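These notes are about the structure you will find just below.
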Amino acid sequence: MAQKLAALLMMFGGSTFALAQTAETPEVPQTPAEVDAEIENDIANAEVSTAQYSAELGLAFRKGPGPELRLNWYRDDDQVYGLKIGQYSGKDISHFDTLALTTIGLQSRFSLEGSFFIEGGLDLTQIKGTIDEAETTSTAGTGTYGFEGSVSQTFLQLGFGNQWQSGTFTYGVDWLNLYVPFSGSSVETSSTGTILDREQRERRNKRDFKTEAWDINYGISLHAGMMF
């Protein structure tokens, strides 16, 4: 009996000592190679930038129809910054035969919900208005008359639309763009023809062209392209 009790005590004591040794075993420090591997793994698993670029071609209407080129930088899913170049030309609703706009603008676009966005920017526009030289009659007699006017304007652009992505393909609609002029160069005009009151006509046309150049513009645009 005494021998069995002694054996049990020895077994219990040995197990307790082994557990104590296990609990007190110190943590083995990482080697420099293991530390470097852990840092590289953290960098690899870190969140990467979602910035992308896109190039789009579009068809727009602003005083007349015309093509557009857009180059965009996607800072993230909600902010897009870009450059827009456009050229629009058509028969003006006033007495000018042609009104042409050549534009280059900087834009900022912000997504609100889903594909819907609002945008704003600055737009530098060269405007030209022409009256084709032709036979005309006035109280001063009969003769030919032609006119050309040009001016550079800076517009504040505000608008909204929708933009969608499908893989690397992107497409969108600017449902409404509002262009508000706030600065510009002096209007330059010239006239040609044989009508006797040509100078008086040019002064009137210059006044009308200046009014047209300072008019608020409205635009709509369809555009599509690729992201890279």
A correct Kirkwood calculation over the Cα atoms of region 135-194 returns a hydrodynamic radius in Å of 16.2
At the level of C-alpha centres, the distance separating region 174-228 and region 102-152, in angstrom, is 3
Log entry: pair-distance distribution for region 169-228, C-alpha pairs binned every 10 Å from zero, whole % per bin is 17, 28, 22, 19, 11, 3, 0
Over its alpha-carbon atoms, region 57-151 yields an Rg and a Dmax in Å of 19.2, 66
Computed on Cα atoms, the radius of gyration and Dmax of region 94-196 in angstrom are 20.5, 66
With all protein chains present, region 62-183 has a carbon and sulfur share of its accessible area (1.4 Å probe) in percent of 62
At q = 0.16, 0.23, 0.25, 0.32 Å⁻¹, the log10 of I(q)/I(0) for region 113-164 from a Debye sum over equal Cα scatterers comes to -0.68, -0.89, -0.94, -1.11
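The values are calculated or read from the model by the stated rules, or taken from the named source; none is laboratory data. This is a predicted model, so every value here is computed, not measured. Ligands, DNA and RNA are stripped out before the accessible areas are found, and what is left, the full protein with its side chains, is counted by its heavy atoms. Shrake-Rupley method; radii C 1.70, N 1.55, O 1.52, S 1.80 Å.
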